[in-house]
Amino acid sequence: MSGGDSERKQAYFGKLIKLLEEFPKILIVGADNVGSTHMQKIRIALRGKAVLLMGKNTMIRKAIRGHIQNDPALETLLPHIRGNIGFVFCSKDADLASIKKLLTENIVSAPARAGALSPCNVVVPAGNTGLEPTQTSFFQALNIVTKITRGQIEITNDVPLIKEGDKVGASEANLLAKLNIRPFSYGLKMLNVYDCGSVYAPHILDLGGDVLLKKFSAGIRNIASVSLATGIPTLASVPHSIVNGYKKVAAVALEIPGYESDITKKLQAASAASAAAPAKAAPAADAKAAAPAAKKKEPEPEEEDGEMGFGLFD
């Protein structure tokens, strides 16, 4: 190893350790098919918000293992250092959701190259291709049904050309190039989020505050229910235990003859008010029920035909 390489490695180790000490949050990103020019644009977009650092996985692991004694929580990062990855270092107060949005917006379209793995399904839409009839051999090689319309090749139906994960063939790549279709888009893909010793999936960042609050409240309710059922007190169950105890004490106090206190007086007043409410509501309901009955008029008797003053044979 030359002296220059050793110095560069030591400088990289020092920079990585400094970033690990300064930034408690890290976005682990995949950088497959991201070119140097595209990477530079992403660095510029992140400037002032986060710091992007790439490097060899062996060097990253070595630097982290050497720094674990100072920060044992970094050990959770080691299983996720595989493949072509990089680190986006974020400050403690950084909005990770906004940084994730910035990364997803910085993507570029790319043509399909022969031999590459397709990151998505590719469908060739039906319609006029603008190609001359002499080039039908490309479509015939891929079993794509076409017809000639006004001197140009037209695809009759949408054609699923490449499935996600399949290798792009030479015929598919040539056809997409002739149709000027750039089906792929590349950028930094978020793989995991490291936050003060915890590692979680990036889709967690898409959860809003209301959703997190509901999930947290549901968890607290479950803990309180289990604690009350088992008789093991916890911070979640203590308020419920106090309220239940208060109810039992109040019930006993109300049953003792001649015992009065501010609490019992309030409870007695509340009980009397709740008992009086249905009694007041009953006459009102009767009055409402009687009103429609009063409005009903008895049907008038039908008038009978009177005698006309002559008999049938008069």
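Greater than 25 Å separation of Cα atoms is the criterion. Which listed pairs, Lys41/Lys167; Lys215/Lys248; Lys147/Lys178; Lys62/Lys101; Lys25/Lys62, meet it? Walk me through the intermediate numbers first.
Numbers: Lys41/Lys167 29 Å; Lys215/Lys248 32 Å; Lys147/Lys178 17 Å; Lys62/Lys101 31 Å; Lys25/Lys62 20 Å.
The pairs that break the limit, which is 25 Å between Cα atoms, are Lys41/Lys167; Lys215/Lys248; Lys62/Lys101.
So what is the accessible area of the range 115-261 per residue, in Å², with the probe set to 1.4 Å?
Values: 9650 Å² over 147 residues.
In whole numbers, the range 115-261 has 66 Å² accessible per residue.
At what distance in nm do the modelled label points of Phe216 and Glu260 sit from each other, each positioned 7 Å from its Cα along Cα→Cβ?
4.7
Roughly what angle does helix 57-67 make with the longest principal axis of the chain, taking Cα atoms, 0 to 90 degrees, to the nearest 10?
Tilt relative to the chain: about 70 degrees.
Helix 262-295 versus the longest principal axis of the chain: what is the Cα-based angle in degrees, 0 to 90, to the nearest 10?
70
Take the chain, connect every pair of alpha-carbon atoms lying under 10 Å apart with a spring to form a Gaussian network, then pick out the residue of Pro119, Pro257, Pro183 with the largest mean-square fluctuation.
In this elastic network of the chain, the residue with the biggest mean-square fluctuation among Pro119, Pro257, Pro183 is Pro257.
Determine the calculated [θ] at 222 nm for the chain from helices alone, applying -39500 (n - 2.57) to every DSSP H run no shorter than 4 residues and normalising by the residue count; nearest 500 deg cm²/dmol.
On the way: 9 runs with 141 residues, N = 314.
Using -39500 (n - 2.57) per qualifying helix, the result is -15000 deg cm²/dmol.
Using 7 Å Cα-to-Cβ label points, what is the Ala272/Ser137 separation (nm, one decimal)?
10.5
Rounded to the nearest 0.05, what FRET efficiency is calculated for Leu207 and His67 with R0 set to 35 Å and r the Cβ-Cβ distance?
0.65
Just to verify a number: FRET efficiency for Ala126 and Tyr186, C-beta to C-beta distance, R0 = 25 Å, to 0.05?
Numbers: r = 27 Å, r/R0 = 1.08.
Result of the calculation: an efficiency of 0.40.
Compute the Cα gyration tensor for the chain, then decide on rounded, prolate or oblate, letting a ≥ b ≥ c be the square roots of its eigenvalues: rounded whenever a/c is under 1.5, prolate when a/b is larger than b/c in the other cases, and oblate in all that remain. Don't skip to the end; give the middle numbers.
Details: a/c = 4.77, a/b = 1.44, b/c = 3.31.
Verdict is oblate for the chain.
Quick check: at a probe of 1.4 Å, how many percent of the accessible area of the chain sits on carbon and sulfur atoms?
Details: 11890 of 21370 Å².
Using a 1.4 Å probe with all protein chains present, the chain comes out at 56 percent carbon and sulfur.
Put a dot 7 Å past each Cα toward the Cβ at Thr58 and Lys101; how far apart are the dots in nm?
Rounded to a tenth, the inter-label distance reads 4.2 nm.
For the chain, what does the relative contact order come out to in percent, with C-alpha contacts under 8 Å and a separation of six or more? Working shown, then result.
Working: 339 pairs, mean separation 57.9, N = 314.
Relative contact order for the chain comes out at 18 percent.
Could you work out how much longer the chain between Asn174 and Val252 gets when fully extended? Use 0.36 nm per residue separation minus the Cα distance between them, nm to one decimal. Display every interim value, and only then the final one.
Details: separation 78, 0.36 × 78 = 28.08 nm, distance 8.80 nm.
Extra length available between Asn174 and Val252 comes to 19.3 nm.
The values are calculated or read from the model by the stated rules, or taken from the named source; none is laboratory data. Because the structure is a prediction, the values reported are computed rather than measured. So basically every Cβ, Gly included, is an ideal-geometry build from the backbone, and we count neighbours across all protein chains shown. Accessible surface is based on the protein model in full, side chains and every heavy atom, while ligands, DNA and RNA are left aside. Shrake-Rupley method; radii C 1.70, N 1.55, O 1.52, S 1.80 Å.
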